[in-house]
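Reading through the structure tokens given below for one structure.
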Amino acid sequence: MMDKAHTITIRVPLTLKKRGGRKLIITPGGGETKGKAETSGDPSLVKALARAFRWRGMLESGAFATIQELAAAEKINSSYVSRMLRLTLLAPEMVEAILDGRQPEGVTLPGLLEGVPAEWREQKVQSKQ
């Protein structure tokens, strides 16, 4: 018999305020942060990774049974969703490097969508070239 996964919900009281056309998050201590997460990574790569992992989560949770259903709900092409989902197969070190802006030179979204080796070890070798 398999154990069911446990979910922990953490609630943090936040306030959103618009200032100069931008949204600011006001934290419980009164501090302000910009509405977007700070990252030094390539914005297109970071956004693509976020989308891919979000979509994978939606499929794994059963919110959508197929990629086609997900694509229809997102109003995009199912082949695009399939290509983007490949990003969830990247080695954790590669994902971290992309988010930190440390990805090897020449690593681009179009290149990653063309395909990457399935084995993480090969991804590291390829990324150092």
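The values are calculated or read from the model by the stated rules, or taken from the named source; none is laboratory data. A quick note: this is a predicted structure, and the numbers were derived from the prediction, not measured. All Cβ positions, glycine included, derive from the backbone under ideal geometry; neighbour counts span all protein chains shown. When the accessible area is computed, the model is the full protein with side chains, heavy atoms only, and any ligands, DNA or RNA have been set aside. Shrake-Rupley method; radii C 1.70, N 1.55, O 1.52, S 1.80 Å.
Overall, the anisotropy analysis places region 58-129 in the prolate class: the square-rooted eigenvalues a ≥ b ≥ c of its C-alpha gyration tensor yield a/c not less than 1.5, with a/b exceeding b/c.
Could you calculate the contour length gain from Asp100 to Trp120, that is, 0.36 nm times the residue separation minus the distance between their Cα atoms, to one decimal place in nm? Present the calculation step by step, with values, prior to reporting the outcome.
On the way: separation 20, 0.36 × 20 = 7.20 nm, distance 1.84 nm.
Contour length minus the Cα-Cα distance gives 5.4 nm.
Spin-label point model (7 Å from Cα, Cβ direction): what's the Lys47 to Ala5 distance in nm? Placing both labels 7 Å along Cα→Cβ, they lie 2.7 nm apart.
For the set Leu59, Leu113, Leu99, Leu14, the ranking by accessible area, highest first and with no ligand, DNA or RNA atoms included, is Leu14, Leu99, Leu59, Leu113 under a 1.4 Å probe.
May I ask you to derive the FRET efficiency for Ser61 and Glu93 from their Cβ-Cβ distance with R0 = 30 Å, giving the value to the nearest 0.05? For R0 = 30 Å, the calculated efficiency reads 0.70.
What do you reckon, how do Leu49, Leu89 stack up by accessible area (1.4 Å probe), largest on top?
Values: Leu49 10, Leu89 105 Å².
Sorted descending by solvent-accessible area, the residues read Leu89, Leu49.
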